[in-house]
Amino acid sequence: PHVGTGQTVAKIILLGEHSVVYGYPAIALPMHSLKMTARVEPVRGGHDEGTLTGLGWSGPISKAPAHFASILRAREVAAEFVGDPDGLLSITTESEFPAQRGLGSSAAAAGAVIRAVLNAYDAKATAHEIFTLTQEAETIAHGQPSGLDAVTTSATSPVHFQAGRTTDLGLPLDAWIVIADSGIHGSTRETVGHVRSLYENSFRETQESLSRLGKIAEGAVDNLRSSDISQLGIKMTESHGILADLGVSTVQLDELVYAALDAGALGGKLTGGGGGGCVIALAHSYEDAQRISDAMREAGARATWTHAPLLNEVVA
Ligand code: MEV
């Protein structure tokens with residue numbers, strides 16, 4: 001093998017997180033301006049087990065914190081795929097977005113490492129093979145990932161995802177999205193586990209909520225097609241309420257949503273696993289987006305990104 005690189009991007013879930021785990025549809029957008037890059041390098045000498053750098057932590061692989069497990073597993077499954085399971089490669093990841101904030105850093109890092117290993121061995125793989133490998137790596141981090149993150153972090157346009165099936169929506173969204181980072185870690189494994197225990201202990205109510213989240217996501221496809229962003233905004237806010245009822249929001253996330261709505265957002269909700277992480281808000285214009293972004297920073301957001309999915313570009 002030689003030095004190999006791989007790249008993926010951040011993702012946001014417009015509608016359908018959590019319910020997607022139970023086979024309901026979801027809509028997610030790749031964020032092409034927030035990149036994740038991985039580089040792998042053959043380790044000389046045979047003793048060095050490799051080091052992990054980037055994503056806010058550096059050090060020997062054996063000492064890596066638990067939330068990096070998917071990265072290590074990604075290297076392992078990719079090394080098996082290329083037929084060199086004992087090959088030693090050190091990994092470097094470079095991320096333009098924070099980890100553990102619902103932006104898909106775990107799937108993005110796993111996907112980037114897998115691509116980097118394939119690249120290091122000049123190995124070919126289909127998109128489906130790469131997806132399967134990423135899912136295998138993700139299973140370590142999340143237990144039971146729907147596959148939405150693995151798909152969206154390497155997608156080229158908005159996706160509709162249901163029960164492992166992806167449809168490329170290819171629809172530009174004629175609106176602005178402001179992402180606000182609460183600055184608080186969210187553990188998808190924990191929030192997914194929490195919803196699972198609700199599902200097991202109060203089946204009827206939980207299934208009702210999950211099914212409503214799924215119906216909202218499905219209905220939004222028409223809103224996207226007709227560029228009815230006001231309806232889309234209403235659906236986002238409604239989804240946030242249901243996610244909050246399911247116990248995956250936090251006081252900080254609720255406050256960011258209220259701040260966005262007060263500042264004129266068409267809708268707002270948490271995005272991703274919740275329990276911390278990010279909120280997204282929808283705006284008509286760049287000026288509205290700026291005002292919403294300022295309001296969310298005032299309400300405690302650690303960072304905000306203003307995104308025009310139409311251009312697939314982060315502008316601030
Ligand atoms: C996490 O980004 C999205 C969840 O729906 C989990 C999953 O889809 O595996 C919460």
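The table for this structure:
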item: Condition broken by residue 143, with the remaining ones in (1) touching a helix residue (DSSP H, G or I) at 6+ places or on another chain (Cβ under 8 Å); (2) in the same structural domain as residue 272 (by TED's automatic domain parsing); (3) closer than 18 Å to residue 18 by Cβ satisfied; result: (2)
item: Whichever residue in the stretch 5-37 is buried (at least 24 other Cβ atoms within 10 Å of the Cβ) and small (Gly, Ala, Ser) and, among such residues, is farthest from residue 241 (Cα to Cα); result: 6
item: Residue match in the stretch 164-174 (condition: assigned to a strand (DSSP E or B), away from the ligand (no atom under 14 Å from the Cβ) and of a type in the set (Gly, Ala, Ser)); result: no
item: Complete set of residues in the stretch 186-205 that are within 14 Å of the ligand (Cβ to nearest atom) and of a type outside the set (Gly, Ala, Ser); result: 188, 189, 190, 191, 192, 194, 195, 196, 198, 199
item: Test: residue 111 is modelled with pLDDT of 95 or more, touching a Ser or Thr at 6+ places or on another chain (Cβ under 6 Å) and not aliphatic (A, V, I, L, M); result: yes
item: Count of the stretch 264-314 residues which are modelled with pLDDT of 95 or more, more than 27 Å from residue 147 (Cβ to Cβ) and crowded, with 19+ Cβ neighbours inside 10 Å; result: 12
item: Boolean, residue 159 is free of Cβ contacts under 8 Å to residues at least 12 places away in the same chain and of a type in the set (A, V, I, L, M, F, W, C); result: no
item: Residue count, the stretch 271-289 (criterion: near the ligand (Cβ under 10 Å from one of its atoms) and part of a strand (DSSP E or B)); result: 1
item: Segments classed as strands (runs of 3 or more DSSP E), wholly inside the stretch 1-97, with at least 1 members that are within 16 Å of the ligand (Cβ to nearest atom); result: 4-15, 26-42, 89-95
item: Output for the stretch 104-127, where each listed residue is within 16 Å of the ligand (Cβ to nearest atom) and under 19 Å from residue 82 (Cα atoms); result: 109, 110, 111
item: Candidates 249, 227, 239, filtered to the one that is touching a strand residue (DSSP E or B) at 6+ places or on another chain (Cβ under 7 Å) and not in a helix (DSSP H, G or I); result: 249
item: The lone exception for residue 130 - which of (1) more than 15 Å from the ligand (Cβ to nearest atom); (2) within 30 Å of residue 283 (Cβ to Cβ); (3) assigned to a helix (DSSP H, G or I) it fails; result: (2)
item: Test: residue in the stretch 141-149 that is touching a residue at least 40 places away in the same chain (Cβ under 8 Å), touching a strand residue (DSSP E or B) at 6+ places or on another chain (Cβ under 8 Å), surrounded by fewer than 19 Cβ atoms within 10 Å (Cβ to Cβ) and under 12 Å from residue 10 (Cα atoms); result: no
item: Test: residue in the stretch 177-184 that is more than 10 Å from the ligand (Cβ to nearest atom) and surrounded by fewer than 21 Cβ atoms within 10 Å (Cβ to Cβ); result: yes
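Yes or no, residue by residue, for (1) touching a strand residue (DSSP E or B) at 6+ places or on another chain (Cβ under 8 Å); (2) assigned by TED's automatic domain parsing to the domain that holds residue 12; (3) under 20 Å from residue 10 (Cβ atoms):
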residue	(1), (2), (3)
213	yes, no, no
218	no, no, no
268	yes, no, yes
281	yes, no, yes
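The values are calculated or read from the model by the stated rules, or taken from the named source; none is laboratory data. Computed from a predicted model, the values in this text were never measured in an experiment. When we count neighbours, we look across all protein chains shown, and the Cβ atoms used for this are built from the backbone with ideal geometry, even at glycine.
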